[in-house]
Amino acid sequence: MPAESSSPARKIPAVERLLQILDDQDLPRPIVVEIVREYLGELRRASSIPDSPEIVANLKRRLDEVRLTRIQSVVNATGILLHTNLGRAPLSGSAVRALADLAAGYSNLEFDLNTGGRGNRGKYVERLAAQLCEAEAATIVNNCAAALVLVLRVLAKERKEVVISRGELVQIGGGFRIPDILETSGAKLREVGTTNRTTLEDYHKAMGADTALILKVHRSNFVMSGFVESPDTALLVALARERGVPFVEDLGSGALVTTESFGMRHERMAKEVVAAGADMVCFSGDKLLGGPQAGLIAGKKHWIQSLKEDPFFRALRCDKLILTAMQTTLESYLSLEGSGTKRGCRNPDVPVLEMLAQSREALMQRADELKAACSGMPLKTKIVEGNCEIGGGTLPEVRLRSVALAVKPTVRSVEECAQTLRTGQPAVIGYVSEGWLCFDLRTVFPEQDPLLIECLRRVL
Ligand SMILES: *Cc1c(COP(=O)(O)O)cnc(C)c1O
């Protein structure tokens, strides 16, 4: 039947045959089947059909693309410590061991081992958080955005207006805009002052019968300089007291150790906000604190209690894995206390802080070793100043001095090399600067150095 055999659709292989050829794909079979069906569907609508080998090659490429969307470990050579796209803070070995131990079995998540009755989820972690923030009480929810929504929901229930400086109506990363968060919580925005200047008087004038609270938001991911003014926390606390409304501060990063010890400027700590008299302060668990994704809220006991009694708290509560990782992380901060070492001299077992603490000499030595290990490979190498920053909307103007290995392949383009590394196993994410592919060593774990070399060798 000449008419039929010349029909292009005849050239499309059967699904079963393609599945046999693609048998070695390490993706669940239903996913492979779906991808094959989708592609063949497209081919049936296409005007020309490629040959079988090309069809198989195209399918393999699509399967590779899907495989790269699986959550997997990557080597972070970007120099950005709290890279939101790369999962922010890595967990410590002790947190990971605690997780492995707990996750595979049962736990006393809500069971009181003292009485044999129902227990209180997160009670001990809350105690740790409260102690570290030097607050009456604390609690933990899914992230800092959730913490803010919860706080606003509870505080702006009857009176609706949240007084906030125009200079703090910030957008923090994708999909987190303070005005939107306020609206979502049912609160009404009462902006005061101007972008660069807000005075205490501005707050004063804006407050009235419908004022629910004063909110201060850490600018986190940008810096204003020049003709800038805003009242500090203590003044706002005094005003809030005078007018009989609570004061809340969204701190964002929430360092638990002083950042000066890492040669950076001081990043405000939750305990300072608490000491200034704030009713509540909230901050992220996976920024400078260096734990799992979470939002910590510390402050006055009766407010924390109100948050926990709100039905919405149930929707934001953390699971046992997060609580376990947070418990271990917070304990490592507290284990420094009273251990004979002066606080700040030794760092807690928190990878982000270890990375911050790495000396330039140590980084330089690693760079020298890596450079030497590259000899014989078809590339030029040099050691350059790194591009290190904190990321995650923390201390945006801070550039940490760092060291990077820069390579320029002689056999392939820099872009090609970067892409092959990014799509490899494991993925290595560097950055291109002035025509060189750079690997900032501060965010690469020293034990990953041999892996970095192996990946480079493979690519070349
Ligand atoms: C990062 C940040 C948040 C959001 O924190 P998540 O834990 O990512 O939800 C909120 N407020 C400020 C000021 C921040 O810097």
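The values are calculated or read from the model by the stated rules, or taken from the named source; none is laboratory data. Quantities reported herein were computed from a predicted structural model and do not represent experimental measurements. Don't worry about glycine lacking a Cβ; one is built from the backbone with ideal geometry, like all the others, and counts go over all protein chains shown.
Quick notes
- Verdict on G285 being within 16 Å of the ligand (Cβ to nearest atom) and modelled with pLDDT under 90: no
- The selection criterion, being more than 16 Å from the ligand (Cβ to nearest atom) and crowded, with 23+ Cβ neighbours inside 10 Å, holds for A135.
- One residue alone among E126, E136, E161 is among the acidic types (D, E), touching a strand residue (DSSP E or B) at 6+ places or on another chain (Cβ under 6 Å), at pLDDT 95 or above and more than 28 Å from F222 (Cβ to Cβ), and that residue is E126.
- Residue count for region 239-255, restricted to those that are more than 15 Å from the ligand (Cβ to nearest atom) and not basic (K, R): 7
- Selection status of I164, surrounded by 21 or more Cβ atoms within 10 Å (Cβ to Cβ), touching a residue at least 24 places away in the same chain (Cβ under 8 Å), within 13 Å of the ligand (Cβ to nearest atom) and under 18 Å from the mean Cα position of the chain (by Cα): no
- Residue within region 307-317 that is under 18 Å from the mean Cα position of the chain (by Cα), at pLDDT 95 or above and at positive phi present: no
- Options P378, P351; residue that is modelled with pLDDT of 95 or more and either among the aromatic types (F, W, Y) or surrounded by 15 or more Cβ atoms within 10 Å (Cβ to Cβ) (or both): P351
- Listed by first and then second residue, the pairs linking a residue in region 106-119 that is over 17 Å from L323 (Cα atoms) to a residue that is modelled with pLDDT of 95 or more and not in a loop (DSSP other than H, G, I, E, B), with Cβ atoms under 9 Å apart and 6 or more places separating them unless they lie on different chains, are G117/F111; R118/F111.
- Taken together, E183, E229 contain a single residue that is away from the ligand (no atom under 16 Å from the Cβ) and either of a type in the set (V, I, T) or closer than 29 Å to K287 by Cα (or both), which is E229.
- Inter-residue pairs, beta-carbon under 6 Å, first surrounded by fewer than 22 Cβ atoms within 10 Å (Cβ to Cβ) and in region 381-403, second of a type in the set (S, T, N, Q), 6+ apart: P396/N221
- Where T195 falls short, out of the listed (1) within 16 Å of the ligand (Cβ to nearest atom); (2) more than 22 Å from A275 (Cα to Cα): (1)
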